[in-house]
Amino acid sequence: MEASRREFIKASAVATVAGVACAKAAGREQEDEVTWTKTVCRFCGTGCGVQVAHRGDRLVALRGDMEHPTTKGLVCAKALFLPKIVHSPDRLTTPMVRKGDGFEPISWDSALDLMADKFAEAIRAHGPDSVAYYGSGQALSEESYMANRLFKGGIGTNNVEGNPRLCMASAVGGYVSTFGKDEPMGCYDDIWEARTFFLVGSNTAECHPVIFDQILAAKQMKRNINIIVLDPRRSPVVSAAHVHLNPIPGFDLPVLHSMAHCLIRDGKYDRDFIEKNVQFKTVQDGQPASVSFEDYVKFLDDFEPQRASRLSGVPAEAIEQAAALFAMGPTMSFWTMGLNQRTTGVWANNLMHNLHLITGNICKPGATSFSLTGQPNACGGVRDTGSLCHILPYGRVVANADHREQMEKLWGAKPGTIKPTPGLNTIELFKALGRDEIQALLVLCTNPGQSIPNLHVARDAMGKPRANKPFVCVLDAYPTRTTELADLVLPAAMWSEKSGVFGMSERRYQYQPVMKNAPGGARPDIDILFEFARRLESRGVVPKGYTKFTDVDEVWDEMRHASEGTPYDFMGMTRDRLKVERGLRWPCPTEDSPGTARRFTKGEDPLLDTGHYADHTLQQGEAKFYAAPDNKAIVWLRPAKGPAEPADDEYPWVLSTGRVLEQWHTGTMTMKAEELRRAYPACFMEINPRDAQKLGVRSGDPVRITSRRGEATIAARVVDIPRDGMVFVPWHWADEASLINYVTIDAYDPGSKQPEFKICAVKLAKA
Ligand SMILES: Nc1nc2c(c(=O)[nH]1)N[C@H]1C(S)=C(S)[C@@H](COP(=O)(O)OP(=O)(O)OC[C@H]3O[C@@H](n4cnc5c(=O)[nH]c(N)nc54)[C@H](O)[C@@H]3O)O[C@H]1N2
Ligand SMILES: Nc1nc2c(c(=O)[nH]1)N[C@H]1C(S)=C(S)[C@@H](COP(=O)(O)OP(=O)(O)OC[C@H]3O[C@@H](n4cnc5c(=O)[nH]c(N)nc54)[C@H](O)[C@@H]3O)O[C@H]1N2
Ligand code: SF4
Ligand SMILES: [Mo]
């Protein structure tokens with residue numbers, strides 16, 4: 001398996017260049033018979049521009065879009081199989097309602113009536129907070145915005161959540177607490193300007209392959225490029241690294257502090273930048289308190305490399321080396337789930353920003369602290385539209401009375417409808433559902449029956465038969481481990497069958513057009529939301545006329561107006577512009593604005609030239625963190641805390657979970673392409689040869705993995721990738737024995753409420 005897999009990666013993924021090669025993957029067709037349409041890949045947050053060949057209702061092939069300004073024709077293996085995935089014969093085509101243990105078909109009208117009746121009944125009997133929406137960073141921006149608008153401003157509940165809580169919440173917490181508002185300031189162009197790359201808890205090679213390919217290309221072109229990796233596994237990115245820091249999982253905060261210590265000790269910090277743009281804070285008695293640069297330096301003394309090494313398991317010399325390379329800027333850091341999916345996720349994000357702020361490695365070409373977004377539309381769709389339980393569109397929060405009033409006015413909601421307190425976060429939402437406190441739940445474009453940690457709780461909550469069982473309605477394109485638990489399943493049109501906007505990691509919003517009809521009776525999610533909203537209006541639980549839209553383009557127009565005057569301002573991104581251009585990066589306040597490569601930078605960010613953030617005293621290229629208090633970003637002195645459940649005598653191994661190149665999450669889409677499935681025919685547990693010997697297992701032996709919450713039985717794959725004492729399981733497989741989320745922990749970061757998927761304690765036994 002090993003050899004063929006490596007060949008597969010080499011041949012089809014990491015550096016797949018655009019072109020007709022992809023036509024082969026989907027069946028060769030004559031180019032002149034088909035129409036090629038530009039759109040965007042529906043998988044990861046890289047947001048690759050693609051072109052799709054289609055004829056009638058058939059997608060024929062997909063290739064990278066050479067004219068795309070950042071991804072320049074590159075795509076990876078998953079994208080190439082999208083045509084096949086969309087045409088999979090198991091697509092859902094009819095609404096289905098539960099009948100005993102099974103389902104029976106039901107007409108759209110009856111299905112939508114049933115859905116509205118169940119929600120209206122719950123709202124009337126138990127109030128607005130007895131219903132909830134659970135959405136997705138893969139839904140279109142308009143869909144998330146519409147659901148958020150309906151639940152918060154129409155029904156009057158903040159129980160609006162989505163899978164970005166499992167994914168990007170800690171990154172949001174990091175950007176907001178350090179810079180005052182969410183989203184990266186840099187962009188992919190910085191890849192070509194950077195001298196040092198710092199990859200932290202990010203298997204960029206398998207999860208953002210086109211970005212990794214560009215890093216490799218930059219390295220090849222310039223030669224003097226440095227790559228530092230911080231990850232307890234020797235994932236494929238390590239093959240390109242100059243230094244690999246491999247901490248005990250969950251114990252890497254001391255490493256980041258120690259790098260800051262070395263940088264300051266060696267005088268490699270930027271005093272001017274700090275004076276102009278940075279303030280220092282700690283938390284005292286639960287409140288933020290200002291401290292001085294000297295206090296910070298003293299705090300870091302506790303993290304001199306020898307001591308950080310004892311805390312983290314990373315050799316002191318490696319930390320020194322990493323700090324020295326980091327200092328050779330411009331430096332671009334990328335991090336993903338190895339950092340976010342932690343009970344210390346926000347703090348870890350703060351520490352990444354600290355390194356950039358103290359060295360002034362920010363808001364300059366090639367210098368930026370960049371959280372890589374996982375899903376294609378977690379940024380544009382959920383973070384920006386404020387579709388989580390504590391936020392509102394475009395940087396607003398439910399706790400702020402002015403923000404609530406602004407949104408109520410714009411939405412035409414009854415004053416006072418939006419609640420001032422956050423709704424239930426994802427983990428608490430599913431617990432409340434299990435206690436029957438939530439009586440009706442709408443799940444859209446996500447598969448929580450497989451993706452939630454400590455999965456027994458969520459599965460029982462959705463599916464366990466009982467008196468008063470909550471009503472669960474699921475919109476999906478395929479049968480899943482969630483649809484099997486639902487009371488009502490609605491067939492959704494998917495990518496290429498509906499139009500709307502995706503916003504990816506670098507603030508670029510990209511339009512995707514319709515190319516074909518959905519199979520059978522499947523309908524775009526937004527149309528289902530419109531119909532549902534109108535039925536709630538006619539049942540009196542949402543004010544009449546509140547949902548004024550008739551099509552998705554009108555929703556976009558309202559969204560533009562909601563962004564006006566905020567740091568997100570994209571008034572200039574009209575539908576017409578997005579249809580023609582290869583995406584635009586906000587801020588983009590006017591129709592003649594080209595968008596913004598680097599935020600917070602004079603000469604690049606139009607908001608520093610016009611509107612209420614304008615500052616004519618700044619020199620070209622100077623930074624101003626206008627979204628932060630006093631316009632200064634905050635370096636936080638955060639405790640170097642470990643994980644919620646480290647290994648102990650009873651559960652002596654650390655389990656980490658994550659991804660492989662060829663599969664996407666719960667596998668509902670990528671498992672449909674045999675070519676992708678073949679790379680790993682079944683789930684596996686990575687264990688290194690030293691640990692495998694201790695345990696007496698060989699590759700292929702089934703291993704029972706048991707935690708305090710549940711168990712899974714998965715074949716060992718002996719390979720020198722995870723560090724000692726750690727095993728790693730990708731969570732893409734849906735069969736009962738491979739459901740690793742029965743084992744994972746639902747402890748979450750108290751700030752971001754993001755659960756610690758990356759670390760829990762387990763026992764291992766040969767099964
Ligand atoms: N092929 C593919 N690509 C994808 C996806 C997919 O499903 N498949 N999903 C997309 C989504 S939504 C996301 S969120 C991203 C995820 O992208 P990544 O975060 O890059 O992927 P993961 O495999 O979840 O985890 C990355 C690394 O975190 C490391 N890690 C574990 N514990 C620690 C720790 O304590 N400290 C540090 N520093 N690192 C640690 C793991 O060893 C692992 O190598 O990928 C996106 N791209
Ligand atoms: N153990 C473990 N668990 C994890 C993680 C981990 O690292 N380890 N990572 C977490 C992270 S980062 C994430 S982002 C989540 C992702 O978790 P999920 O969102 O649950 O996973 P997906 O498989 O992406 O689910 C998307 C669903 O939407 C359906 N779908 C596709 N297109 C459409 C459409 O247009 N409309 C509708 N209505 N449905 C559609 C798909 O068939 C699929 O069922 O998982 C989290 N869970
Ligand atoms: S790197 Fe991400 S966006 Fe680009 S083709 Fe691959 S999955 Fe799609
Ligand atoms: Mo994610």
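Taken together, the values in this text are just the output of simple stated rules run on the coordinates, not laboratory data. Since we're looking at a predicted model, the values are computed, not measured. When we count neighbours, we look across all protein chains shown, and the Cβ atoms used for this are built from the backbone with ideal geometry, even at glycine.
Which ³J(HN,Hα) values, rounded to whole Hz and listed in residue order, are derived for the stretch 75-83 from phi using the Karplus coefficients 6.51, -1.76 and 1.60 in 6.51 cos²θ - 1.76 cosθ + 1.60 with θ = phi - 60°, glycine and proline given as x?
Each residue of the stretch 75-83 in turn: 8, 10, 4, 4, 4, 4, 9, 4, x Hz.
Determine the relative contact order of the chain: mean sequence separation of Cα pairs under 8 Å and six or more apart, normalised by residue count, in whole percent.
Here the relative contact order equals 18 percent.
Relative contact order of the stretch 214-372, please, whole-number percent, based on alpha carbon pairs below 8 angstrom and at least 6 residues apart.
After rounding, I find 26 percent.
How would you classify the stretch 169-371 from its alpha-carbon gyration tensor, with a ≥ b ≥ c the square roots of the eigenvalues: rounded for a/c under 1.5, else prolate if a/b is greater than b/c, otherwise oblate? Walk me through the intermediate numbers first.
Details: a/c = 1.41, a/b = 1.30, b/c = 1.09.
Since a/c stays below 1.5, the shape of the stretch 169-371 is classed as rounded.
First select every other residue whose beta carbon is under 15 angstrom from the beta carbon of Ala493; then total the charges, Lys and Arg +1, Asp and Glu -1.
Within the 15 Å Cβ shell, the charges total -4.
Report the FRET efficiency, 1/(1 + (r/R0)^6), for Lys579 and Asp649, where r is their Cβ-Cβ distance and R0 is 60 Å, rounded to 0.05.
0.45
Measure off 7 Å from each Cα along the Cα-to-Cβ vector at Lys414 and Asp266, then give the distance between these two points in nanometres to one decimal.
Going from the Lys414 label point to the Asp266 one covers 6.3 nm.
Taking +1 at the Cβ of each Lys and Arg and -1 at the Cβ of each Asp and Glu, which of Met494, Ala640, Ala761 sits farthest along the dipole of the chain towards its positive end, judged by Cα position relative to the Cα centre?
The residue sitting most towards the positive pole is Ala761.
Spin-label point model (7 Å from Cα, Cβ direction): what's the Glu736 to Ala614 distance in nm?
Label-label distance for Glu736 and Ala614, simple model: 6.7 nm.
Take the chain, mark every one of the trypsin sites (Lys or Arg not before Pro) that falls in a DSSP loop and has at most 15 other Cβ within 10 Å, then report the longest stretch left between them, sites excluded. Write down the numbers at each step before the final one.
Values: sites that count: Arg28, Arg223, Arg435, Arg466, Lys544, Lys548, Lys641, Arg678, Arg698, Arg708.
Formally, the longest exposed-site-free interval is 224-434.
Of the beta bridges DSSP finds with both residues in the chain, what % are antiparallel, to the nearest 5?
The antiparallel fraction comes to roughly 50 percent.
In Å and from the alpha-carbon atoms only, list the Rg and Dmax of the chain.
24.8, 71
Only sites in a loop by DSSP and with at most 11 other Cβ atoms within 10 Å count here; which chymotrypsin sites (Phe, Trp or Tyr not before Pro) in the stretch 104-155 make the cut?
none
Can you compute the helix-only [θ] at 222 nm over the chain? Use -39500 (n - 2.57) per DSSP H run of at least 4 residues, normalise by all residues, nearest 500 deg cm²/dmol.
The helix contribution divided over the chain gives -8000 deg cm²/dmol.
Tell me whether the stretch 58-163 comes out rounded, prolate or oblate; compute the Cα gyration tensor, take square roots of the eigenvalues as a ≥ b ≥ c, and use a/c under 1.5 as the rounded threshold.
Taking the square roots of the gyration eigenvalues as a ≥ b ≥ c, the stretch 58-163 is oblate.
In the stretch 129-159, whose amide N lies under 18 Å from the spot 7 Å out along Cα-to-Cβ of Trp108? List them in ranges.
Residues passing the 18 Å test: 143.
Using alpha-carbon positions, what is the distance between the centroids of the stretch 83-98 and the stretch 529-584, in Å?
Measuring centre to centre over Cα atoms gives 28 Å.
Assuming 0.36 nm per residue, please report the length gained on full extension of the stretch Arg310 to Arg223 beyond their Cα-Cα distance.
Once the chain is fully extended between Arg310 and Arg223, it gains 27.9 nm.
Rounded, prolate or oblate, given the Cα gyration tensor of the stretch 653-766, with a/c below 1.5 counting as rounded?
oblate
Which lysines have a Cα lying under 23 Å from the Cα of Lys268, excluding residues fewer than 8 positions away in the same chain?
Lys276, Lys281, Lys298, Lys364, Lys624, Lys632
Across the stretch 309-324, in residue order, what do the Karplus-derived ³J(HN,Hα) couplings come to in whole Hz, using 6.51 cos²θ - 1.76 cosθ + 1.60 with θ = phi - 60° and x for Gly and Pro?
Once rounded to whole Hz, the list reads 5, 5, 6, 10, x, 9, x, 4, 4, 5, 5, 4, 4, 4, 4, 5.
Pulled fully out, how much extra length does the chain show between Gln284 and His87, if you take 0.36 nm times their separation in residues and subtract their Cα-Cα distance?
Taking 0.36 nm per residue and subtracting the Cα distance, the gain is 65.2 nm.
Less than 12 Å from a label point 7 Å out along the Cα-to-Cβ axis of Ala125: which backbone N atoms in the stretch 540-569 qualify, by residue?
none
Could you size up the charge dipole of the chain around its Cα centre, putting +1 on the beta carbon of Lys and Arg and -1 on that of Asp and Glu, and report it in debye to the nearest 20? Could the numbers behind the result be given before it?
On the way: 90 positive and 93 negative charges, 203 e Å.
It comes to approximately 980 debye.
For labels at Lys276 and Val297 in the simple 7 Å Cα→Cβ model, what's the distance in nm?
So the label points at Lys276 and Val297 sit 2.2 nm apart.
Report the net charge of residues surrounding Glu756, where surrounding means a beta-carbon distance below 9 angstrom and charges are Lys +1, Arg +1, Asp -1, Glu -1.
Every neighbour counted, the sum reads -1.
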